[in-house]
Amino acid sequence: MRELPTGTVTFLFTDIEGSTRLLHELGDAYADALAEHRRLLREAFNGHRGVEVDTQGDAFFVAFARATDALAAAAEAQRALEPGPIRVRIGVHTGEPALTDEGYVGMDVHRAARIAAAGHGGQVLVSQSTRELTSDDGLRDLGEHRLKDLTSPERIFQLGEGDFPPLKSLNQTNLPVQPTSLIGRERELGEVLALIRGHRLVTLSGPGGSGKTRLALQAAAELAEEFRDGVWFVSLAALRDPKAVLPTIALTLGVSQSQTLEEHLEQKQSLLVLDNFEQLLEAAPQVSEALRQAPAVKLLVTSRAPLHLTGEREYPVPPLEDDDAVALFVERVRAAKPAFEPDEHVGEICRRLDNLPLAVELAAARTNVLVPSQLLERLEQSLPLLSGGARDAPERQRTLRATIDWSYELLTDEEKQLFRRLAVFAGSFDLDAAEEVGEGDLDTLASLVDKSLLRQTADGRFFMLATIREYAAERYGEDAAAEAVRCRHAERTLRVAEDAKSRHREGFDVLQAEHDDARAALDFLVDAGEAELALRLALAFGDYWFVRGHAREGRRRIEVVLAASEDGPTELRLRALTRVAGLARVVGDAEAGQRHAAAAVAMARELGDDAALAAALRELGDTIVAKHDYERAFALYEESLAVARAAGESTWATVTNLADVALAAGELESAIEYSRQAAELASGHDAETVRAIGAFNTASALIQLGQDAEARPHLGRALETVVRLDYLELVGWCLVATSALTEPSDPGAAAVLLGAADGAVEAAGVTLGPAEQRLREWTLSKLRERCDPGELEESLRSGRELPTDDAVSLARKYLD
């Protein structure tokens, strides 16, 4: 095949008209006719230096270096095909496309295909850009036509004098010309098209700025050829009186004074796009009646709330996907700065704005004075920043605040009150929370969902998009009961958290859902001087912070609450000191951990609380292990055991710690024995984490003793338990041990697993303890002996970037 031309290129597209009908008419002869059609076309194209780019079914895509060659080839092709049964439409367009390894890309390819699709069999259509490179001989001006891409109109010419029906363009429509192409939305567009084809009334719903109108316009354009009497856009944004809806539709459609709208539509096959219906919902029944009397008319409505009509199909327009939001941002910036290249801040900017198209476009406009890093920094409060939209946009779309204002002003007083109060929830919330904290009822909540100011998760919880919540928070101060609402929110968050904690591990999912609200409640309680309630809430989240990778935040929050509480020994302060000691230790601050743990030991002795003393001594021992003082740690654990036994408390956790310090000290046989004792003591108790750590300790010791086969089942049990508990730190431990097991048979995989362990531990925000670090170093030393240094570093890096789920799947492969 000849090399594809570059620079200024003329594209020629062909397509057979009525191929399905021809197949039925010609029967077995169709294959021969199709083959002859292909031969004749290729002769014409090759004879004029055309390069065949692609062939799909019965269609050709050909490129020419010169426009005159393309027109000559098109004319010859049509003359050659004229005697035969096959009628081919041809489109010709010239542009400057980009040429990649995959072929030509860019709007010029798309435009050439659209021009061809607008024609009829036997007709050759030519674009303005191609005509400008050739003489006017034989070209007839067909005028400007709108094509499906909804950008600027295209002036189209016909090669030759044949008479054909009107072009299949969008001229029988008043759809607004869009200045920019639609970015992303392929899935949404396909779903909306299917809904319109299957139903008579489809409503695109969503908050202001979600792109409802743009999606509706694109869908309507795609369907233009399917409606004999056209596709019509009716803007309702300026209306406030529901009685004006039907007259506005009639005026847009050009209904004569001698007809009613119903009479005009009765025999029509049209699609009506009714844009911005949300402030006119009282008119919905009248629109429904008009639709009932026009059986071939369909409605596509955009509204921030559904119409609630029989037969209506609502389609909530979602935010853009991450990649599409970034692409939108980049395209809008490049309109003013063609050389703009996105950096790592752009994706975060879009996510901060919930990937709402309007918000992304308004943010992109701010790059005239702010680089992305500055823009991201200023998005802490997005509403004041996001203004200055296009002057030809509707007033309510020039700033994000004005867009949300539009929705807010359509609410009833009861809806406004609940909307404001729900801003107290920092994360998602359930129906009971909305009723208790916001004093709302089900109907009012449902109305806010209808009006796209609230959304629901798959499990039925409610949430606000960040930009909408920011607006609601601004309005929050208008509520006279604002302080009481915050109190109810904090009290409820505490009650839910303490109930979830009492259910141990299965309560972690509840705590995860409530985490954002707990942060907000803690801040409020500290500011309000409610230190005791704040300590209770922090302690309710203590295990969750430890297990689910929030150790740094947990440590910081407990230290803040302790500093705000009154000095003196109390049970709550004692428990908080013990907990924060462990959190400080796992994030690598053994000094602070020891200080907190020593304070907890002293307070437990002062209060005479032996159960708390045993726990504090154990935690102090853990901090001493982190400082590699194993002899003193042994002594502290032994003291903790004695106190716990005397108080009738469980001792399996402390015995597990003895196994851990034995591992760190290299006393491998003792580690195995302590782990066995801990498993016996924990039997019959709810001690999954302790048993998992014990299984890991046993496996680690056996691996270092060279007993890999015996270690494998222990490690397998440990891994499955910590994965089920979503205990990321311990997943990292198990990946280290699996790497050690894998090293003799597959050092490459072992290196990847070791890197994945590092990644999991880093993601958990913690550091490896001495025993686990000893195993890691032992494994790494063996890998360095067997692997090329460069390959080892690459495998470790690859492992660190491996998603944890994939790393676990790889580990299971070597543990089976």
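The values are calculated or read from the model by the stated rules, or taken from the named source; none is laboratory data. Note that this is a predicted model, so its numbers are computed, not measured. Because the Cβ atoms are built from the backbone with ideal geometry, glycine has one as well, and the counts that use them run over all protein chains shown. Note: areas computed on protein heavy atoms with side chains; ligands, DNA, RNA excluded. Shrake-Rupley method; radii C 1.70, N 1.55, O 1.52, S 1.80 Å.
The figures follow:
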item	result
Using alpha-carbon coordinates, inclination of helix 67-81 to the longest axis of the chain, degrees	70
Spin-label pair Glu161/Gln773, simplified geometry with 7 Å Cα→Cβ offset, distance in nm	9.3
Rg to Rh quotient for the stretch 233-298, alpha carbon positions, Kirkwood Rh	0.93
Sorted peptide list for 332-341, 40-49, criterion being average Cβ within 10 angstrom, highest first	40-49, 332-341
Spatial separation of Cα centroids for the stretch 649-719 and the stretch 720-797, in angstrom	19
R0 of 45 Å, Cβ-Cβ distance Asp141-Thr310: FRET efficiency to nearest 0.05	0.40
Antiparallel bridges, percent of DSSP beta bridges restricted to the chain (to nearest 5)	55
Cα convex hull of the stretch 170-265 - mean projected area over all directions, nm²	7.5
Peptides 272-285, 507-520 ordered by average Cβ neighbours within 10 Å, highest first	272-285, 507-520
Stretch gain in nm, segment Thr20-Ala244, where the contour uses 0.36 nm per residue and the Cα spacing is subtracted	76.0 nm
Intensity falloff of the stretch 570-616 expressed as log10 I(q)/I(0), Debye formula with alpha-carbon point scatterers, at q = 0.18, 0.32 Å⁻¹	-0.43, -1.08
Nonlocal amide H pairs with Thr203, under 5 Å, H built at 1.01 Å	Val301, Arg313, Glu314, Tyr315
Using alpha-carbon coordinates, inclination of helix 186-198 to the longest axis of the chain, degrees	60
Cα-Cα P(r), the chain, percent of pairs per 20 Å interval	13, 31, 30, 20, 6, 0
Calculated FRET efficiency for the pair Asp516/Asp443, C-beta based, R₀ 22 Å, to 0.05	0.25
Order by protection proxy (mean Cβ within 10 Å, highest first), peptides 642-653, 414-425, 486-497, 17-28	414-425, 486-497, 642-653, 17-28
Global form of the stretch 13-132, assessed from the alpha-carbon gyration tensor, a/c cut-off 1.5	prolate
Folded to 0 to 90 degrees: helix 466-476 orientation relative to the chain principal axis, Cα	70
Label-reachable residues, the stretch 310-337, where backbone N falls under 17 Å from a point 7 Å from Arg378's Cα toward its Cβ	333, 337
Rounded Å value of the spacing that divides the Cα centres of the stretch 533-590 and the stretch 1-38	73
Accessible area in square angstrom per residue, the chain, 1.4 angstrom probe	44
R0 of 30 Å, Cβ-Cβ distance Arg228-Asp322: FRET efficiency to nearest 0.05	0.15
Alpha carbon Rg of the stretch 746-803, scaled by the compact-globule rule 2.2 N^0.38 Å	1.07
Accessible area of the chain belonging to carbon and sulfur atoms, whole % at 1.4 Å probe	48
Exposure of Thr180 as accessible area (Å², to 10), given a probe of 1.4 Å and all protein chains	50
